[in-house]
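Please read the structure below before turning to the comments.
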Amino acid sequence: MTTEAQHDAPEAPTGIASGSLRFDVRGMTCASCVRRVEKALGSVDGVETARVNLATEEATIEAEGVPLEVLRDAVDRAGYDLLVSEREDEAARDRLEAERQAEFDSLRSKTIFAGIVAGLLVGFMALSHLFGAFEDVPRRVLHPFFFALATPVQFWAGRQFYEGAWRVGRHGSTDMNTLIAVGTSAAFAYSIVATFAPQVFESVEGLDAAVFFDTSSAIIFFVLLGRLLEARAKGLTSDAVRALIALRPQTARVLEDGEEYEIPVRAVQAGDIVLVKPGEQIPVDGAVTEGASAVDESMLTGESVPVEKRPGEDVFGATMNTTGLLKIEATAVGADSALARIIQLVEDAQGSKAPIQGLADRIAAVFVPIVFVVAALTFALWWAFGPAPALTFGILNAVAVLIVACPCALGLATPTAIMVGTGRAAQHGILIRDAEALQLARDIDTVLLDKTGTITEGRPEVVSVWMLDGAAVTPDELIRLVASAERGSEHPYAAAIVREAEERAVNLDWPLTFEAVAGAGVIARLDGHELLVGNDDLLYARGVAPEGRATLDGLADAAGQRGETPIRVAIDGEAAGLIAVADQVRDGAAEGVARLRGLGVRVVMLTGDQQQTANAVARRVGISEVVAEVRPE
């Protein structure tokens, strides 16, 4: 079962399936397998819905009070294996991945071997038929040599086709394995007779004592290669989920009775107080009770600028605490955490079915029997009306129908595309609810893009420093004073000014006093000066002379037109200068917007930045609609 594990030691399952559950199914190879497993599960009393995905090899059911053994027996009677684990945890996931990797390695070895042998056989046949090579070698020597090469391909590399055909055949069913097993066996058996009893063909009109070991080996190779590529696509996609799981911290530092204990994250309970130091990952979802810090939530939100957190604000597991010490009261752990819900969402999306898949499933239900009928008609028509040797041509063309008509592409194309698409999207921070949403995405007509971290890099830098005439300090001194005042702030613009000071190699001091004015800026006392750093509202509120503020307004307007954010500075009540900070536009942002517009999609940019700066950034990437100065909520 692949449901998310609980944070604490879960109870062993009672053997009764209730609610929405997901199981691994082994042995499926084509869309007809999917239909058969769905039918088997749906026939069990208590199962409301059953949905099977070939690409993820999973079955999702809605059930009420159904014994797990009954579900497993129903799937077994259909010829497949339903895996029911005692509990789903990291160890169970690791075991499942290890099994899949072993299967992939075995499949790769068989594919390589089959490819080498098929290549040799095709090469020998081509040299013999096209260039007359081996004319001096008797058939009684050459054909047994071909037989010796082809036999391990047929019965070792191709063993899985016989096993799969038997698994469903003993229940009176057929699938893709049946087509491959029957088709290749026909070519192989014909060749054996032609090799060791060629006189049989001399007595039957329309038969030719030719061998087709190259045909059976090549068919097995190409089918195995297709399955290998499918398995590789599945493995790459599951990497997205594994990468999300790997984000979760393994331990947490819990405070109890004033003592600090490091325990496994799974042992943390709701209500525990968790201590998180700077530079550590937050282990659980919770609310800050003490401390203040900037938290990097990019792994959840895609926003690269850290978010300031203070007492009463929520934080999420697997995000990174950057600067301050936090005490957090755990509110959601294990399967209830935001990251666990995202992992579940990605898995649900990968296992979901698009509406278009319904057509493929309905066709697949009757596909294999129809293919056998068509193959039989092909054989009969070639035998009756074909040129000599008609019987040989009839057998070969019937085999060709069986092989090329495998419903592999029919059943795998859509689910594999969905699985790969949702997995790749998750790796890039895009969460897709389900396959239906993905199918409906073709009708999207408007896309809203955040500016910071999406259109821009999300890492502002100081681009220019402007001084007013008569200012008492130099540009380097202005940077030193502002950086000293801002060095305790988590704001990204403050961090940009501190980095600028480090590049200029100026020495920073700690301010004597520091006050953050919400939505306006900061006030600090440093080296005997009162420093105002922020917007015009702050300077106006602190009585800075209108003349100086007007000059700063002119510089700010010019910066805004260039897409820069102006930060005004006043020293001891006098306007002193302006620092322009800019967040660089991402490489490829303009190209991405152009491609969206080329698809007929309306693109709108949202930002909390000021209107003038937002307009300038929008112009650079080709966006004409901007909504600026909006709060995140």
For this session: Take the alpha-carbon centre of the stretch 501-516, take the same for the stretch 573-633, and report the distance between them in whole Å.
Result: 30
For this session: Can you figure out the FRET efficiency of residue 585 with residue 26, using R₀ = 35 Å and their beta-carbon distance, to the nearest 0.05?
Result: 0.10
For this session: Can you tell me the order of 102-110, 317-325, 264-272 when each peptide is scored by its average per-residue count of other Cβ atoms within 10 angstrom, highest first?
Result: 317-325, 264-272, 102-110
For this session: Determine the distance separating the Cα centre of the stretch 162-227 from the Cα centre of the stretch 526-560; give it in Å without decimals.
Result: 86
For this session: Using a cut-off of 11 Å between beta-carbons, work out the net charge of the residues near residue 524 (Lys and Arg +1, Asp and Glu -1, residue 524 not included).
Result: -3
Seminar exercise, completed: Between the modelled labels at residue 112 and residue 461 (7 Å from Cα along Cα→Cβ) the distance in nm is 4.6
Problem set entry | Ranking by accessible area, most exposed first, for 162, 540 with a 1.4 Å probe | 540, 162
For this session: For residue 630 paired with residue 128, estimate the spin-label separation in nm (one decimal), with each label point 7 Å from Cα along the Cα-to-Cβ line.
Result: 7.3
For this session: Mind checking the full-extension length gain between residue 505 and residue 448? Use 0.36 nm per residue of separation minus the Cα-Cα distance, one decimal, nm.
Result: 16.4 nm
For this session: Rank-order 63-72, 527-536 by packing density, defined as the average count of other C-beta atoms within 10 Å over each peptide's residues, highest first.
Result: 527-536, 63-72
For this session: Multiply the residue separation of residue 513 and residue 385 by 0.36 nm, subtract the distance between their alpha-carbon atoms, and state the gained length in nm to one decimal.
Result: 36.0 nm
Seminar exercise, completed: Contour minus Cα-Cα span, residue 259 to residue 77, at 0.36 nm per residue, comes to 59.8 nm
Exercise. For the modelled label position 7 Å from the Cα of residue 341 along Cα-to-Cβ, which residues of the stretch 308-329 have backbone nitrogen atoms closer than 12 Å?
Worked result: 316-317
Exercise. For residue 404 and residue 619, FRET efficiency with R0 = 51 Å and r from the beta-carbon atoms, rounded to 0.05?
Worked result: 0.40
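Ignoring any ligand, DNA or RNA, what whole percent of the accessible area of the stretch 559-633 comes from carbon and sulfur when the probe is 1.4 angstrom?
Whole-percent figure for carbon plus sulfur exposure: 46.
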Problem set entry | Rounded accessible area per residue of the stretch 494-633, 1.4 Å, Å² | 51
Problem set entry | residue 39/residue 170 FRET efficiency (R0 22 Å; Cβ-Cβ; nearest 0.05) | 0.80
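The values are calculated or read from the model by the stated rules, or taken from the named source; none is laboratory data. The structure displayed is predicted, hence computed values, not measured ones. Counting neighbours? That spans all protein chains shown, and the Cβs are built from the backbone with ideal geometry, glycine included. Side chains are part of the model used for accessible areas, which takes the heavy atoms of the whole protein and leaves out ligands, DNA and RNA. Shrake-Rupley method; radii C 1.70, N 1.55, O 1.52, S 1.80 Å.
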